[in-house]
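Readers should treat all values here as calculations from the given coordinates under stated rules, not as data from a laboratory. These numbers come from a predicted model, not from an experiment. Cβ: placed from backbone, ideal geometry, glycine included. Neighbour counts: every protein chain shown.
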Amino acid sequence: MAPAAPDDAAPAAPGTPPAAPDAAAPAAPGTAPVAPDATAPVAPDAAAPAAPGTVTPAPDAAAQAAPAQPAAPPVAETPQAVPVEVQTAPVDPAAINQSDARVQQLSQPVVVQSVTVEQGQRVETAPQYILPPQTEVVQRVRDRDIIAIAGAAVVGAAVGAAATYFIRSDDDQRLRADSTERYTEQLPRGRYRETIVRPNGVRVVTITNEYGDVIQRSRILPGDEEVVLFYDPYSEDEQRPDYFYDPGADLPPLDLAIPEDEYIVDVSEPDEELYFNTIIAPPVETVERIYSVDEVRRSPRIREKVRRIDVNTINFDFGSASISQAEVKNLQALADAVSRVIKANPGETFLIEGHTDAVGKNIANLALSDERAEAVASALTEYFDVPAENLVTQGYGEEDLKVNTQEPSRENRRVTLRRITSLVKPVTTAKAQ
């Protein structure tokens, strides 16, 4: 790490720029069976029939507790590179999940339980989370906790450091924007369920475990139709001592079968069609099990399974997470591409990653990078109407430099975007309970 610059440890708060300007062929045969459903079903409710397409009814919150899921993730088989003909086949925007299903090869079927299936007890106080084993909060930077993880193979490590550092992102503020009501319920095993109600009657419901990690999120439409955004079927296993262990640590190096410039989109000018085609492409490697959102956030090897867009149209000033007035309009093409995907499949999830250059202290850069990711996510929602619940964010500090330099570098002050849907929920499932 280069010597710290004077102000890098105290970045400017994310800014909100002025409003931005206004805004195929069927998939080729693959290597795995294609299930007919367009999204993962949830447990049915007899009182409300399922609407066709991507949503199914949510049961009443007073229902009995959900049946237990598998206690631990299955032992994953060695992933395989997806054949080039599958990776390059045109994807029908109306059948993105079917394209992903050729690559998501789960060893066990997963039944998605509705986010409202368990009875909760409303609480008026903020959730009280505990720290996972072998972790401690080493610093709080504004509203973000920097966690030290001893001996864990996860992202955020300072080179040569004895501990690994990871920043815990908090998307509550983004999700709550423009809401008319929100309430929290306590669930068994130290979990909490937060419901945010939008003016149009849509409810965004999120369940967190006892550590504050998100394990399930759904959007519930008026009429109780539920769109599953992500779902961790192995949350019962959350108390293991190696909770923060990287699930990708034991995987072999990625065997990339397509050109790197198709795997990482790195263009200097906005290109909506290029963004769109990159986003809807299937993972480049088979997906053997479902991961929690936080496992994906923490594991660089798991994130490698899906393609990446380097958002070169946004480069941040030194020590800043603000998006300049000149650059906000450059998000239009990306926003339009993401919106097209969500319109076709409302259950999509995108990860926005924030990065810094190598100047300054590692902990300060983690916080700054997280704010950069949040600033882009907020801009996509506020100015381009991308639903906040379809976006998750994470900062990685200086851990993944685009340009290998210890000097100030505008190219390293950036964000990237990935579609992680096939990693965080079953794109097709067996019969729902």
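What FRET efficiency do you get for Leu256 and Val138 if R0 is 56 Å and r is their Cβ-Cβ distance, rounded to the nearest 0.05?
0.95
What's the local net charge at Thr278, with K and R +1, D and E -1, over the other residues with C-beta under 9 Å away? Could you put the intermediate results ahead of the total?
Numbers: positive: Arg307, Arg308, Arg419; negative: Glu262.
Value of the local net charge: +2.
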